[in-house]
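Since the structure comes first, as structure tokens, the remarks are kept for the end.
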Amino acid sequence: MSASSPLTVPDDSPFGVHNLPYGVFTTADRPDQRRIGVAIGDHVLDAGAAARSVGALAEPGFATLDAPSLNPLLAAGRPVWTAVRAAITRWLTDGALRAAVEPCLVPCADVTLHLPFEVADYVDFYASEHHATNLGRIFRPGSEPLTPNWKHLPIGYHGRSGTIVVSGTPITRPSGQRKAPADPVPDFGPSRRLDIEAELGFVVGTPSELGSPVALADAAEHVFGVCLVNDWSARDLQAWEYVPLGPFLGKSFATSVSPWIVPLDALAQARTTPPERDVEPLPYLDDRDAAAEPSGFDIAFEVRLNGHVVSRPPFAAMYWTFAQMLAHLTANGASLRTGDLFASGTISGPERETRGALIELTWNGQEPLKLADGSERTFLDDGDEVVITATAPGPNGTRIGFGEVAGHIVPRPTA
């Protein structure tokens with residue numbers, strides 16, 4: 001292919017042919033027509049138009065590419081996911097198809113990206129031992145940092161799917177009840193301790209039946225792909241309200257996700273064995289089968305605050321895997337729905353510079369974070385912007401990119 005062709009993608013592109021993440025986009029000339037796109041280099045392939053152009057739209061499962069969201073493709077199941085991915089790879093690499101495919105490419109600079117799927121249910125886990133240990137030491141000094149149940153099951157809670165927003169959506173500072181330890185009574189007002197949580201999200205495609213748990217070995221039959229997540233957290237609201245039922249208003253105001261969904265199949269080279277566990281899991285969570293594909297992922301995150309790198313959390317350090325999270329989520333018979341999203345919880349490593357939340361980076365505000373421009377932060381100020389990115393190893397020394405999940409804080413409007 002010609003070097004000038006948009007189908008000629010540099011080997012170091014995070015959106016190379018080994019990745020091919022899915023999203024939903026519009027263009028200025030068709031602002032009301034949402035289309036499924038596939039990122040390739042610095043372009044977006046209009047997947048439905050490409051399928052039509054090469055004569056594949058009538059093939060079984062390929063009509064899902066001509067939809068305004070990913071949900072029909074998600075619901076189609078793994079055989080269709082595999083067939084569609086293989087076909088798109090061929091469309092983008094077969095020189096004989098260049099004339100048909102090139103007109104279906106749109107520069108990334110010319111598209112607006114949207115929430116790529118209709119979110120059904122949302123579950124947030126607490127799967128990092130380092131994160132859970134740090135919070136235990138912050139809030140329960142002098143006692144065992146991990147709760148007795150932590151190494152026996154993946155702890156999680158059901159969140160609010162209606163406030164999941166795409167990257168770039170402004171985050172309005174939430175208000176709620178706040179009560180510092182020395183205050184006699186709570187007051188109401190904007191959160192003073194607004195935080196981030198760098199996470200990996202897993203997008204469910206194939207649903208499951210009510211009453212039928214999903215086994216560890218079947219996780220990949222239900223999970224379509226992954227995205228980046230920033231689960232914004234109002235720590236002062238959360239601290240006052242969470243006893244005894246857990247997260248509520250301190251979490252439900254916004255959760256940001258990246259616009260690109262990286263297929264699980266793109267992460268074959270990123271699979272890794274999770275950290276060694278010192279508590280034997282119950283049988284339904286036991287993933288020690290040496291013949292099974294490991295469910296950990298070697299994904300390197302980077303967190304920037306106002307352009308300054310403040311953390312590089314390693315997903316490979318996560319104690320609980322996505323397969324264990326899904327098995328536990330459905331262990332009581334709860335069913336999966338197409339479009340369900342479950343997230344890992346804050347990703348943190350053993351060193352300070354690998355912690356994925358400000359509450360850890362600043363040790364609950366006691367150790368302010370010094371930025372390269374000389375400013376300091378304990379928690380987020382109005383106007384701050386947080387950008388989270390990640391990459392994973394691909395084949396032949398390539399890197400798989402996830403795009404970014406970004407958001408900036410805006411003050412709550414005054415009455």
(request) Wrap a convex hull around the Cα atoms of the chain, take a quarter of its surface area, and give that in square nanometres. (result) 22.5
(message) Given the -39500 (n - 2.57) contribution per DSSP H run of 4+ residues, what per-residue ellipticity at 222 nm results for the chain, rounded to the nearest 500 deg cm²/dmol?
(response) -4500 deg cm²/dmol
(message) Using protein chains only and a probe of 1.4 angstrom, how many square angstrom of ASP265 are accessible, to the nearest 10?
(response) 70
(request) May I ask you to compute the full-extension gain from LEU57 to SER175, defined as 0.36 nm times their residue separation minus their alpha-carbon distance, rounded to one decimal in nm? (result) 37.6 nm
(request) Determine how large the accessible area of HIS158 is when every protein chain is in place; take a 1.4 Å probe and give Å² rounded to the nearest 10. (result) 140
(message) If I take R0 = 30 Å and measure r between the Cβ atoms of VAL185 and LEU153 in this structure, what FRET efficiency does the formula 1/(1 + (r/R0)^6) give, to the nearest 0.05?
(response) 0.25
(message) Let me check something: with ligands and nucleic acids excluded, how do LEU361, LEU245 order by accessible area (1.4 Å probe), largest to smallest?
(response) LEU245, LEU361
(request) Could I have the simple spin-label model distance between GLU293 and THR82, label points 7 Å from Cα toward Cβ, reported in nm to one decimal? (result) 0.9
(message) Viscosity 1.567 mPa s, temperature 4 °C: give me the Stokes-Einstein translational D for the range 235-389 in µm²/s, with Rh taken as the Kirkwood radius over C-alpha pairs.
(response) 71
(request) Can you tell me how much longer the chain between THR273 and ALA99 gets when fully stretched, taken as 0.36 nm per residue apart minus their C-alpha distance, in nm with one decimal? (result) 58.3 nm
(request) Take the range 358-403, compute every pairwise Cα distance, and split them into 5 Å bins from 0; I just need the percent in each bin. (result) 6, 17, 17, 17, 11, 11, 12, 7, 3
(request) Can you quote the Å³ per residue value for the convex hull of the Cα atoms in the range 55-108, rounded to an integer? (result) 96
(message) Just the number: Rg to Rh for the range 63-170, Cα atoms, Kirkwood Rh, two decimals.
(response) 1.17
(message) At R0 = 51 Å, how high is the FRET efficiency between GLN33 and ARG352 if r is their beta carbon distance? Nearest 0.05 is fine.
(response) 0.60
(message) Please compute, for the alpha-carbon atoms of the range 331-415, the extent along each of the three principal axes and give them in descending order in Å.
(response) 45, 44, 24
(request) Tell me the GluC sites (Glu not before Pro) within the range 208-254 that lie in a loop according to DSSP and have at most 14 other beta-carbon atoms within 10 Å. (result) GLU209
(request) Using only the alpha carbons, work out the radius of gyration and Dmax of the range 146-272 in angstrom. (result) 17.8, 55
(request) Express in Å², to the nearest 10, the accessible area of SER69 obtained by rolling a 1.4 Å probe over the protein heavy atoms while all chains stay in place. (result) 10
(request) Can you tell me the relative contact order of the range 198-342? Whole percent, Cα pairs under 8 Å, sequence separation 6 or more. (result) 36
(request) Compute the relative contact order of the range 107-253 as a whole-number percentage, counting only Cα pairs closer than 8 Å that sit 6 or more residues apart in sequence. (result) 21
(request) For the range 18-84, count all C-alpha to C-alpha pairs, find those more than 19 Å apart, and express that count as a whole percent of the total. (result) 27
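The values are calculated or read from the model by the stated rules, or taken from the named source; none is laboratory data. Computed from a predicted model, the values in this text were never measured in an experiment. Don't worry about glycine lacking a Cβ; one is built from the backbone with ideal geometry, like all the others, and counts go over all protein chains shown. Heads up: the accessible areas ignore ligands, DNA and RNA and are worked out on the full protein's heavy atoms, side chains in. Shrake-Rupley method; radii C 1.70, N 1.55, O 1.52, S 1.80 Å.
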